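**Student:** My questions all concern the structure below.
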Amino acid sequence: MNHQATPDQTIDSPATQDFSRTRSTQTKKKSRVSPAFAGAVMGAIAGRFLPKLSPFSGAVIGIMSAKMYQKHQSKHR
């Protein structure tokens, strides 16, 4: 048996698209929820289920991490 590729198999199909560029060029929608509030909610939920963390301290940690992430993102733009 001969396992060589035919010329039809080696040519890329023109129908395939590169979606990596289309995702990066799309404009992102602004969220209605602030990052600090989202971090507080996620931290409170995590604090509810983690035995060493209360919901209040989880919310505080979530707010601080959201603010730090926000500053990190603004530096790299």
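**Student:** Just checking: which of the helices (runs of 4 or more DSSP H) contained wholly in the chain hold 2 or more residues that are modelled with pLDDT under 60? I'd like the intermediate steps shown before the answer.
**Tutor:** Working: elements: 7-10, 19-25, 35-49, 55-75.
Ranges flagged: 7-10, 19-25.
**Student:** Under 8 Å between Cβ atoms, which residue pairs at least 6 apart in sequence (or on different chains) link something in segment 56-77 that is free of Cβ contacts under 8 Å to residues at least 60 places away in the same chain with a partner that is among the basic types (Lys, Arg) and surrounded by 13 or more Cβ atoms within 10 Å (Cβ to Cβ)?
**Tutor:** Between residues of segment 56-77 that are free of Cβ contacts under 8 Å to residues at least 60 places away in the same chain and residues that are among the basic types (Lys, Arg) and surrounded by 13 or more Cβ atoms within 10 Å (Cβ to Cβ), there is no close pair.
The values are calculated or read from the model by the stated rules, or taken from the named source; none is laboratory data. Computed from a predicted model, the values in this text were never measured in an experiment. Note that we place each Cβ from the backbone using ideal geometry, even for glycine, and neighbour counts take in every protein chain shown.
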